[in-house]
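The values are calculated or read from the model by the stated rules, or taken from the named source; none is laboratory data. In this text, all values refer to a predicted model and were calculated from it rather than measured experimentally. Reconstructed Cβ throughout: ideal geometry from the backbone, glycine too, with neighbour counts over all protein chains shown. All accessible areas refer to the heavy atoms of the entire protein, side chains included, with ligands and DNA or RNA removed. Shrake-Rupley method; radii C 1.70, N 1.55, O 1.52, S 1.80 Å.
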Amino acid sequence: MNALETLAAFYETQREAELPRSATDVMRLCLLDWLIVSRAAKGDAVAESALAYAGGQGEASLFFGGGATARMAALANGTVSHALDYDDTHFAHIGHVSTVVIPAAVAVGEARGASFETILRAALMGAEAATRFGVWLGRDHYQIGYHQTATAGAIGAAVAASVAAGHSDARAALSNAAGFAAGLKAQFGTGMKPVNAGMAAANGVEAVLMAEAGLSGSEAVFEALAETHHGIKDNAAWDGIGETWLFEAVTHKFYPCCHGTHAMIEALSEALQRMPAPERITVRTHPRWMSVCNKPSVKDALEAKFSYRALAALLLQNGGTGVDEVGLQSLFPMTDAARAVMAQVEVIAVESVSEEASRVTLEAGGQVVQVEHDLRAPMSFETRLEKLLAKGEGVLSKGEAARYWDVVQSADVTALLSVITE
């Protein structure tokens with residue numbers, strides 16, 4: 001089978017199968033996180049612009065009130081949930097997943113009157129499809145300048161929308177989605193980066209709606225997409241599909257900035273407890289992050305999310321207590337002291353440092369402190385839930401995140417939609 005046939009078969013075998021508890025538990029955490037980061041974006045300029053563009057009336061709910069067509073709701077809500085760049089990341093997929101597939105599943109699910117369980121299944125199956133397709137496209141696709149969140153995300157959104165709609169012709173939807181798949185890393189650091197996520201969600205929805213209308217594309221389009229978009233076509237990506245769930249390895253963000261900076265933040269925060277006033281800071285990171293997180297100068301908080309140097313300046317400013325939106329905004333207008341800290345940070349690419357890790361060295365007065373942190377370190381369900389609830393406490397009103405978790409556990413679609421629109 002080719003790639004499209006493989007994903008279509010995955011859809012057919014899994015849309016009514018019993019899904020593994022471990023995978024559905026992870027998706028419940030992702031749904032909680034999606035609600036937290038989306039609700040926390042209220043008042044954000046990018047989020048407000050997306051909602052204003054989509055706003056009106058329609059069959060699917062928008063964050064903070066109002067409605068739109070399912071496609072427009074997926075576009076707006078996907079953009080909102082990625083506005084703070086605070087949503088989950090899958091390193092094998094090389095991008096963000098939940099911010100694309102959940103908006104598609106919720107919008108179509110609401111429009112079609114689907115149950116909570118169907119929406120959750122749709123999101124999980126879409127997430128697995130997006131993850132596998134991102135692995136299939138591989139590193140070359142990302143490094144050349146494409147954004148897997150948008151390209152592989154559109155494929156996952158098509159699967160999610162198909163499940164939520166109860167649509168039977170996934171092959172047509174997938175072939176349509178491949179024709180829509182687009183998105184560039186050149187948008188990083190701008191308001192259009194979150195739109196990549198919303199665009200992918202909307203494209204997945206539209207691919208299904210067009211398939212329902214009888215439209216479909218080439219069944220060789222996945223291979224064509226890979227050939228024209230520098231995909232490596234790693235067929236190992238399909239090994240065990242439907243039996244093992246790669247999406248379970250998704251990692252959640254506990255800081256509102258590029259996930260490639262998080263290992264550095266953790267390492268530097270720990271190192272600063274031992275040496276609060278370093279004279280020199282060296283960050284060793286995997287080479288893949290040099291074109292993403294190594295902005296040598298920044299003009300605003302959006303760009304600071306992609307700059308090891310700017311984040312180091314913030315951590316020295318707050319004593320290594322972490323990164324939040326208030327802190328990022330406090331860097332600007334940038335002071336001479338902050339620029340001086342940025343100037344003393346050296347970022348080095350090291351192949352032996354994994355993509356999920358960072359090694360930080362501090363030096364002062366002949367003393368040296370070195371700390372390494374790896375985001376792949378095992379974390380239990382309970383610990384991850386605790387950290388997500390704490391994250392919610394930091395960006396929402398007291399008790400809101402716990403209330404959202406109660407909604408997720410209740411499996412009540414009406415309550416879920418109420419959280420979105422309130």
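Just the protein heavy atoms count here, and of the accessible area of the chain at 1.4 Å, carbon and sulfur take up 51 percent.
Cα-based values for the range 181-251, radius of gyration first and Dmax second, are 15.3, 39 Å. Taking the C-alpha atoms only, the angle from helix 98-112 to the longest principal axis of the chain is near 30 degrees.
If you run the Gaussian network model on the chain, springs between alpha carbon atoms under 10 Å, then out of M264, M379, M125 the most flexible one is M379. Straight-line cross-link reach from K233 at under 28 Å between alpha-carbon atoms covers these lysines, not counting any fewer than eight positions away in the same chain: K185, K193. Qualifying trypsin sites (Lys or Arg not before Pro) in the range 316-422, where qualification requires a DSSP coil assignment and no more than 11 other C-beta atoms within 10 Å, comprise K398.
Taking the Cα centre of the range 1-101 as origin, sum charge times position over the Cβ atoms of Lys and Arg (+1) and Asp and Glu (-1), and report the length of that vector in debye to the nearest 20. Each step should come with its number before you reach the end.
Values: 6 positive and 12 negative charges, 43 e Å.
Once rounded to the nearest 20, the dipole reads 200 debye.
Could you give the dipole magnitude of the chain about its Cα centre, charging the beta-carbon of Lys and Arg +1 and that of Asp and Glu -1, in debye to the nearest 20? Don't skip to the end; give the middle numbers.
Numbers: 31 positive and 48 negative charges, 172 e Å.
For this selection, approximately 820 debye.
Using a cutoff of 8 angstrom between alpha carbon atoms and counting only pairs six or more residues apart, the relative contact order for the range 84-168 works out to 42 percent.
Report the FRET efficiency, 1/(1 + (r/R0)^6), for H229 and T190, where r is their Cβ-Cβ distance and R0 is 30 Å, rounded to 0.05.
Working: r = 21 Å, r/R0 = 0.71.
The calculated FRET efficiency here is 0.90.
Positive contributions from Lys and Arg (+1) and negative ones from Asp and Glu (-1), summed over other residues with Cβ under 10 Å from the Cβ of E266, come out at -3.
I want the local charge near T69. Using Cβ-Cβ distances under 15 Å, sum +1 for each Lys or Arg and -1 for each Asp or Glu among the other residues. Please report the intermediate quantities before stating the final value.
On the way: positive: R71, R112; negative: E59, E110, E206, E212.
Here the count lands on -2.
How big is the Rg/Rh ratio for the range 179-315, C-alpha atoms only, Rh by Kirkwood, two decimals? Intermediate values should be presented prior to the final figure.
Values: Rg = 19.9 Å, Rh = 18.6 Å.
Result: Rg/Rh = 1.07.
Average accessible surface for the chain: 37 Å² per residue, computed with a 1.4 Å probe over protein heavy atoms with every protein chain in place. Principal-axis analysis of the Cα atoms of the chain puts helix 148-165 at an angle of about 40° to the longest axis.
Straight-distance candidates among the lysines for linking to K398, with alpha-carbon spacing under 25 Å and chain neighbours fewer than 8 residues away dropped: K42, K253, K387.
To the nearest 10 Å², what's D140's accessible area with a 1.4 Å probe? Answer for D140: close to 90 Å² accessible.
Per residue, the convex hull spanned by the Cα atoms of the range 278-345 measures out at 85 cubic angstrom. Per the Debye calculation on the range 93-170 with a single equal scatterer at every Cα and no solvent contribution, log₁₀ I(q)/I(0) for q = 0.24 Å⁻¹ amounts to -0.92.
Short-range pairs are left out: with C-alpha atoms under 8 Å and at least six residues apart, the relative contact order of the chain is 18 percent.
One decimal place: the segment S418-K299 gains 39.1 nm when fully extended, by the rule 0.36 nm per residue minus the C-alpha distance. Using alpha carbons only, how many angstrom separate the centre of the range 379-422 from the centre of the range 138-168? Here the two parts' Cα centres lie 26 Å apart. Among the chymotrypsin sites (Phe, Trp or Tyr not before Pro) within the range 366-410, not one is in coil by DSSP while having at most 11 neighbouring Cβ atoms inside 10 Å. Taking the longest Cα principal axis of the chain as reference, the axis of helix 262-274 is set at about 30 degrees.
DSSP beta bridges confined to the chain are antiparallel in about 75 percent of cases. Note on the range 191-259: dipole from Cβ charges, positive end direction compared against G231, C257, G198; the farthest Cα belongs to C257.
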